[in-house]
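**Q** Can you read through this structure? Questions will come right after.
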Amino acid sequence: MALFKTQTAAIYGVDALLIDVEVDMYLGRPDNFMMVGLPDATVRESRERIKSSMANSGFSYPQKAVTVNLAPANIRKEGAGFDLPMALGILGAMGSLPKDSLEGFLAAGELSLDGSIRPVRGALPIAVCAKKAGIENLIVPADNAAEAAVVDGLKVYGLKHLAEAPRLLGDPGSFTPAQPNGDGADAEETLLRLDFRDVRGQETAKRALEIAAAGGHNLLMIGPPGSGKTMLAKRLPGILPKLSLEEALSATKVHSVAGALSPKAGLLRERPFRAPHHGISNAGLVGGGSGMARPGEVSLAHHGVLFLDEFPEFPRNILELLRQPLEDGEITVVRGAISLTFPSAFMLVAAMNPCPCGYFGDPHRECQCTPPMIQRYVGKISGPLLDRIDIHVEAPPVKYRELRGGPEAEPSAAIRERVERARAIQLGRGYPNARMPSKMIRQHCKLDGPGEKTLEAAVSRMGLSARAHDRILKVARTIADLAEQEAISVAHLAEAVQYRSLDRTYWV
């Protein structure tokens, strides 16, 4: 009887849990391969991949019965990342590896039939799990090595073939640990290709986007087709503050678990920009799917932008799913007995036409829609969802002389400098303004006498909810921060109220 133990990790939400892989080998038929520990179908299929990969890597398969236990047994195991640790366990049980050679190592990887090691989802959470468990060495597929190497204090070895594993375990000093990719310049170049300098006209919309970026506010643009709403939205990441290391790690974990990172990618260097089509499913938007739930678009946009074009074309039931992540910065997905919470602290940017034909209120083109048609169209967006969108702004058609003449528009780099100064002021209070807790609003959004009268008149005239009242104050606070002023003036408040004026124009 031979018993050998290796360690790996199972993905659970956006984190990883340590898993012990115990391989027991004993007298019996060679085709008797038993796997226990709540494996899913993909894990159970690993037997055939392991047999072929061992044979094609120069190893003989044991002529004994094999039992593999994945502990703890109450955690569901899914995915092909268990192939490599199980293969190493079998090699150890056969005596092909020294007994203590895997001490201080954690392994994850999918095996091909020829013995090559394919990339897996969740390499970054697995690396974080190894670091927390005090494990010093991590073996992953070569394509995942740069991603896992961003975790400090962990030696990450990227292997391309199973045949390399015994050499690594026998002499780790002969292998060079992987290094994270330094692709920050490439990310910056990508952002610079989408510059506000290219946007002609739309000064009001650009100002609204600057305020939204400074405070992390959600924003809705309303305008006819071709007015530049999508063009503006795509340039928003270029004026957002740069990702901090903590934000980059958090966002990269989500993309890693979802399998959305490109091969050999390291940390995300730019804020995500996700723009799903209005035909997206519930699971595609908020997460889910068969087996262990995966992150949806709201989580892939974590610390970035979720852009929903043609906003009313999304089914109303799908739009209502946005309410929890917009309020809490996270989404809880329940599948059977499993409840998973994914981070989803994103900025929502939505764009829509003012009516089905797109030309309601256009001075040059006649609208073909009847009032009931317009009401049904805008009525797809509920009041509670609108209340969670801080800034509503019109994007009218751009005039010809603005397209062809006038001074060059301000570049994104200049706008980003102002945004970062304003965001630094907010972080000194502890929160971006959009996520300021209600109890802090009275402390940081104080108004003088004229300001109180202005806000009271606006709330009464427009019939705003308590949530909309709070969001006006938060936007006014951001406008004051952009001006680097401590007090909120009537001018700041009036501009913030202006960004709620469309409530009465379209949603009456």
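The values are calculated or read from the model by the stated rules, or taken from the named source; none is laboratory data. Just so you know, these numbers come straight off a predicted model, no measurement behind them. With ideal geometry, Cβ positions are generated from the backbone for all residues, glycine too; neighbour counts draw on all protein chains shown. SASA here: full protein model, heavy atoms, side chains in, ligands and nucleic acids out. Shrake-Rupley method; radii C 1.70, N 1.55, O 1.52, S 1.80 Å.
**Q** What is the magnitude of the charge dipole of the chain about its Cα centre, with +1 placed on the Cβ of each Lys and Arg, -1 on the Cβ of each Asp and Glu, and no other charges, expressed in debye to the nearest 20?
**A** Taking the Cα centre of the chain as origin, the dipole is about 740 debye.
**Q** With contacts defined as alpha carbon pairs under 8 Å and 6 or more residues apart, what's the relative contact order of the chain in percent?
**A** Once normalised by length, the contact order is 13 percent.
**Q** Also, I was wondering about something else. Rounded, prolate or oblate for the range 366-469? Axes are the square roots of the Cα gyration tensor eigenvalues, ordered a ≥ b ≥ c, and the cut-off for rounded is a/c under 1.5.
**A** In terms of gyration-tensor shape, oblate.
**Q** Just want to confirm a number: the relative contact order over the range 31-167, from Cα pairs under 8 angstrom separated by 6+ residues, in percent.
**A** 23 percent
**Q** Accessible area per residue of the range 375-482 at 1.4 Å probe, in Å²? Please report the intermediate quantities before stating the final value.
**A** Values: 5530 Å² over 108 residues.
On a per-residue basis, the range 375-482 sits at 51 Å².
**Q** Restricting to DSSP H runs of at least four residues, report the calculated mean residue ellipticity at 222 nm for the chain, -39500 (n - 2.57) per run over all residues, nearest 500 deg cm²/dmol.
**A** It lands at -10500 deg cm²/dmol.
**Q** Another question, if that's okay. How much net charge surrounds residue 43 when only the other residues with a Cβ under 10 Å from the Cβ of residue 43 are counted, with Lys and Arg +1 and Asp and Glu -1?
**A** 0
**Q** Mind checking the range 275-377 for GluC sites (Glu not before Pro) that DSSP puts in a loop (not H, G, I, E or B) and that have at most 10 other Cβ atoms within 10 Å?
**A** Filter output for the range 275-377: 366.
**Q** A further question follows. I'd like the antiparallel share, as a percent to the nearest 5, of DSSP beta bridges with both residues in the chain.
**A** Working: 28 of 55 bridges.
Within the chain, antiparallel bridges account for around 50 percent of the total.
**Q** May I ask you to evaluate 6.51 cos²θ - 1.76 cosθ + 1.60, the Karplus curve with θ = phi - 60°, for each residue of the range 381-397 and list the ³J(HN,Hα) values in order in whole Hz, giving x for glycine and proline?
**A** Running phi through 6.51 cos²θ - 1.76 cosθ + 1.60 with θ = phi - 60° gives 9, 6, x, x, 6, 4, 4, 8, 9, 5, 10, 10, 9, 8, 10, x, x Hz.
**Q** Whenever you get a sec, line up 277, 444, 392, 469 from highest to lowest accessible area (probe 1.4 Å, protein heavy atoms).
**A** Details: 277 120, 444 40, 392 0, 469 60 Å².
Result of the area sort, largest leading: 277, 469, 444, 392.
**Q** Can you list the lysines whose alpha carbon is less than 16 Å from that of residue 132, not counting same-chain residues fewer than 8 positions off?
**A** Candidates past the 8-residue exclusion: 155, 253.
**Q** On average, how much accessible surface per residue is there in the range 6-49, in Å², for a 1.4 Å probe, leaving out ligands, DNA and RNA?
**A** In whole numbers, the range 6-49 has 47 Å² accessible per residue.
**Q** Can you list residues from other chains, or at least 5 along the same chain, whose modelled amide H is less than 5 Å from the amide H of residue 35?
**A** Residues meeting the criterion, in which the H sits 1.01 Å from N, are 68.
**Q** With Cβ to Cβ distances under 12 Å as the rule, what net charge do the other residues near residue 32 carry (K, R +1; D, E -1)?
**A** +1
**Q** In square angstrom, rounded to the nearest 10, how much accessible surface does residue 75 have for a 1.4 Å probe?
**A** Only protein atoms counted, so the area is about 30 Å².
**Q** Ok, one more. Can you give me the relative contact order of the range 115-176 as a percent, contacts being Cα pairs under 8 Å and 6 or more apart?
**A** Dividing the mean separation by the residue count of the range 115-176 yields 35 percent.
**Q** In Å², what does the accessible area per residue of the range 76-128 work out to with a 1.4 Å probe?
**A** Details: 1610 Å² over 53 residues.
Each residue of the range 76-128 exposes 30 Å² on average to a 1.4 Å probe.
**Q** Just add up the charged neighbours of residue 235: K/R +1, D/E -1, any other residue whose Cβ is under 13 Å from the Cβ of residue 235.
**A** Net charge around residue 235: +3.
**Q** Using a 1.4 angstrom probe on heavy atoms only, work out the carbon and sulfur share of the accessible area of the chain in %. Can you show the working numbers first?
**A** On the way: 11210 of 22140 Å².
Here it works out to 51 percent.
**Q** I would also like to ask the following. Checking the cross-link filter: which lysines have an alpha carbon closer than 29 Å to that of residue 206, excluding same-chain neighbours under 8 positions apart?
**A** Of all the lysines, those that pass the test against residue 206 - Cα under 29 Å, at least 8 places apart if same chain - are 229, 234, 242, 380, 399, 446, 453, 474.
**Q** On to the next question. Specify whether the C-alpha gyration tensor of the range 1-40 places it in the rounded, prolate or oblate class, a ≥ b ≥ c being the square roots of the eigenvalues: rounded for a/c under 1.5, otherwise prolate if a/b is larger than b/c and oblate if not.
**A** Working: a/c = 5.03, a/b = 2.12, b/c = 2.38.
Note, shape of the range 1-40 comes out oblate.
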